[in-house]
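Below is one structure; the comments refer to it alone.
Nothing in this text is a laboratory measurement; each read-out follows from the coordinates by a stated rule. Computed from a predicted model, the values in this text were never measured in an experiment. Neighbour counts are summed over all protein chains in view; Cβ atoms, including those assigned to glycine, are modelled from backbone coordinates with ideal geometry.
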Amino acid sequence: MDIDIDIDLIRRDLAQIVNIPSIGGSDAEIAVQRWCAATLTGLGLEVDQWRLDLDELRADGGYPGEEVERDEAWGCVGVSGPGTPELVLNGHVDVVPPGEPESWTNADPWNVREVDDRWYGRGVCDMKGGVVAIIAGARAVGHIALRRPFAVHTVIGEEDGGLGTFATLRRGHTGESCVIAEPTAGQVVSANAGSLTFRVEVQGRATHGSMRSAGHSAIDAFSVVHRSLAELEARRNAGPPAPFGPMPWPINVGILRAGDWASTVPDQLVAEGRYGVMPGESFDDAKAAFEHAIAGAAAADPWLASNPPSVTWPGGHFSAGRLPEGPPFGDQVAAAVVAAGQPQPALIGASYGSDLRQYAHAGIPTVQYGPGAILNAHAIDEHVLIDDVVTCARVYAELILARCR
């Protein structure tokens with residue numbers, strides 16, 4: 001069947017949704033769900049839009065954590081008909097901060113810029129390009145009678161733990177299969193590593209910078225910890241299993257804070273970062289390995305042995321996840337990619353966490369397939385190929401027909 005994907009409507013939708021600066025925890029994170037609800041209603045879907053009970057969700061034993069403050073958050077689900085959806089198409093609508101706007105070529109990350117064959121703007125890759133591709137795919141099959149329903153889940157909070165998908169599943173919105181429109185560069189992701197956010201605090205001894213040797217720099221002390229983390233990373237990533245490639249569970253220090261005066265030896269350093277979690281590894285075991293590595297390094301260092309670093313675990317907890325054993329849903333997604341005129345994609349593992357693990361843990365066969373490459377996510381001048389968005393819209397439409405007609 002020839003599937004008609006309207007690129008002009010994709011362009012319009014992307015411009016509108018990117019123009020909503022939906023950074024996690026902001027008022028715009030609420031506004032973007034209103035946009036999604038209105039848009040899905042316009043497609044003829046039955047829409048459930050609800051205010052999340054944050055107190056209840058945070059008290060739930062499965063609560064995935066948050067890294068930003070929220071007083072209000074909303075869910076949004078559109079379904080094409082009654083019954084359990086045969087297919088769920090999921091996309092998160094929260095984005096990370098854009099950094100300094102002056103660093104962007106167009107100096108405005110909230111307005112989509114089209115140059116040659118690419119769209120630029122915060123979220124076009126991660127993952128508003130995927131969201132508008134879902135909408136375009138649903139729009140393309142809107143005139144076709146389906147025997148089984150499909151659903152669209154737009155969610156908040158993915159970037160800082162997965163609160164939106166957690167709330168959506170807890171509300172009872174489920175399905176027989178799921179595709180998440182995260183950027184996958186033409187491949188199908190069938191497994192994810194997990195991740196934890198760590199905070200390490202290292203103490204020093206302050207003194208005047210001219211008497212540096214009489215103090216002890218917290219920065220120098222942290223260098224011992226940093227080396228131990230590099231060694232831990234190497235051990236944990238030796239010989240990863242299929243379908244993962246090299247370095248699937250890295251350790252990254254993303255924030256360092258130390259010192260308050262240029263001529264003072266810093267007496268404290270706080271490091272925060274991301275720690276990859278392996279499939280089948282519990283959070284407790286992962287944390288124990290991390291803390292053991294730091295404790296071992298500290299015990300061998302005269303300063304740290306007397307002033308041991310502290311380790312805490314703020315923010316989101318992303319467990320690993322993978323496509324459950326059973327019917328070959330990944331093969332069906334790959335077939336839809338081929339039906340849309342693309343080469344046979346590989347099924348791969350990804351080193352980052354996503355909402356895949358939440359659907360998989362609920363027993364829903366889930367993969368990721370979406371426009372763009374993860375390399376361009378969270379980046380200055382974030383961009384996505386226009387053809388990628390159109391192709392993914394066509395794939396989603398093919399998959400709706402294959403599963404639901």
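Annotations
- Span-like helix check, the chain: qualifying full DSSP H segments, with Cα axial length of 20 Å or more and mean Kyte-Doolittle of -0.5 or more, are 27-42, 218-236, 283-299, 386-404.
- Take each peptide in 386-394, 306-314, 374-382, 149-157, count the other Cβ atoms within 10 Å of every residue, and average; sorted highest first, the result is 149-157, 386-394, 374-382, 306-314.
- Normalised Debye scattering of the range 194-317 at q = 0.09, 0.14 Å⁻¹ gives log10 I(q)/I(0) of -0.28, -0.62, counting only Cα atoms as equal scatterers and leaving out solvent.
- Amide H contacts for residue 90 (H built 1.01 Å from N in the peptide plane; partners 5 or more residues away or on another chain; cut-off under 5 Å): 153, 179, 180, 181.
- Close amide H partners of residue 259, meaning residues 5 or more places away or on another chain with modelled amide H under 5 Å apart, are 267, 268.
- The spacing between the range 243-273 and the range 169-189, judged by their C-alpha centroids, is 32 Å.
- Averaged over residues, the count of other Cβ atoms within 10 Å places the peptides 285-292, 240-247 in the sequence 285-292, 240-247, highest first.
- Between residue 58 and residue 115, the modelled label-to-label distance comes to 4.2 nm, taking each label 7 Å out from Cα in the direction of the beta carbon.
- Ranked by the mean number of other Cβ atoms within 10 Å per residue, highest first, peptides 278-284, 351-357 order as 351-357, 278-284.
- Net length gained if the chain between residue 205 and residue 220 were fully extended (0.36 nm per residue, minus Cα distance): 4.3 nm
- Residue 234-residue 307 pseudo-label distance in nm [points 7 Å out on the Cα-to-Cβ vector]: 2.7
- Note on residue 331 and residue 381: the extension gain reaches 14.6 nm, defined as 0.36 nm multiplied by sequence separation minus the Cα-Cα distance.
- Order of 195, 319, 26 - criterion: other Cβ atoms within 10 Å of each residue's Cβ, fewest first: 26, 319, 195
- Helix-only mean residue ellipticity at 222 nm for the chain, each DSSP H run of n ≥ 4 adding -39500 (n - 2.57), per residue, nearest 500: -10000 deg cm²/dmol
- Legend: P(r) of the chain from all alpha carbon pair distances, 10 Å bins from 0, whole percents, reading 5, 22, 30, 23, 12, 6, 2, 0.
- Full extension of the chain between residue 146 and residue 102 gives 11.0 nm of extra length, using 0.36 nm per residue less the Cα-Cα distance.
- Pairwise FRET efficiency - residue 247 versus residue 51, Cβ, R0 = 41 Å, nearest 0.05: 0.50
- The overall shape of the range 83-125 is oblate: from the C-alpha gyration tensor, with semi-axes ordered a ≥ b ≥ c, the ratio a/c is 1.5 or greater and a/b is no larger than b/c.
- 3J(HN,Hα) along the range 240-250: x, x, 5, x, 7, x, x, 6, x, 10, x Hz, from the Karplus curve 6.51 cos²θ - 1.76 cosθ + 1.60 with θ = phi - 60°, whole Hz, x for Gly and Pro.
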